[in-house]
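Each remark here refers to the structure printed beneath this line.
The values are calculated or read from the model by the stated rules, or taken from the named source; none is laboratory data. Keep in mind it's a predicted model, so treat the numbers as computed, not measured. Cβ coordinates were reconstructed from backbone atoms using ideal geometry, including for glycine residues, and neighbour counts include every protein chain displayed.
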Amino acid sequence: MDLILWRHAEAEDWPGGDPEGGSDLDRSLTPRGEKQAARMAGWLDRQLPEGTRILVSPARRCEQTVLALGRKYKIRTELAPDATPAQLLELVQWPQSRSPVLVVGHQPTLGQTIAKLLGLQESDCPVKKGSLWWLRSRERDGHTQTIVVTVQSPEVL
């Protein structure tokens, strides 16, 4: 199974710098974030296999990020900013799913999921805004392994 974890691109700060000033789900991409999303989407569009399921957090910034890809997607509340790695992995059916899955979501959930799948000692792995990690599950010598296919950042594309 291929699991592609794409962190939303750069978003606006909380309205007025105050978390009480509005809903976190309503924050939009900045102009820089729109460029990041477009760069990554251009690369992804050439790489994604046919039949890839695309699942997106209900946050506006995540939907704006995936819109740059121009493919069908489903918004899933299980990927909201407070999601856990267990919720994400259950949703994508890791590692049993037969089709690749692209998830557009948030830190720290994406970083925690990466750390868990790779068996890192740290409980979290930094994931830069607009970047993605492409992971693959495989069987070797009777054991399931997670390998890193690629890590991409919009700044180097």
Next item on the list: Filter region 48-64 down to the residues that are outside any loop (DSSP other than H, G, I, E, B) and β-branched (Val, Ile, Thr), then identify the one that is farthest from Leu135 (Cα to Cα).
Entry: Val56
Check: Is there a residue in region 134-151 that is within 14 Å of Ala37 (Cβ to Cβ), surrounded by fewer than 16 Cβ atoms within 10 Å (Cβ to Cβ) and out of contact with any Gly (no Cβ under 6 Å at 6 or more places or on another chain)?
Finding: no
Notebook entry, point to check: Does Gly111 count as within 12 Å of the chain's Cα centre (by Cα), of a type in the set (Gly, Ala, Ser), modelled with pLDDT of 95 or more and not in a loop (DSSP other than H, G, I, E, B)?
Noted result: yes
Notebook entry, point to check: What are the residue pairs meeting all of these: first residue in region 41-68, first residue under 20 Å from Leu89 (Cβ atoms), second residue crowded, with 21+ Cβ neighbours inside 10 Å and among the small types (Gly, Ala, Ser), Cβ atoms under 7 Å, and 6 or more apart or on different chains?
Noted result: Ser57/Gly105; Cys62/Gly105
Notebook entry, point to check: If you check Gln93 against the conditions, is it of a type in the set (S, T, N, Q), within 18 Å of Val149 (Cβ to Cβ), surrounded by fewer than 21 Cβ atoms within 10 Å (Cβ to Cβ) and at pLDDT 95 or above?
Noted result: no
Note to self: Restricting to region 129-146, name every residue that is touching a strand residue (DSSP E or B) at 6+ places or on another chain (Cβ under 7 Å) and part of a loop (DSSP other than H, G, I, E, B).
What the structure shows: Lys129, Gly130, Ser131
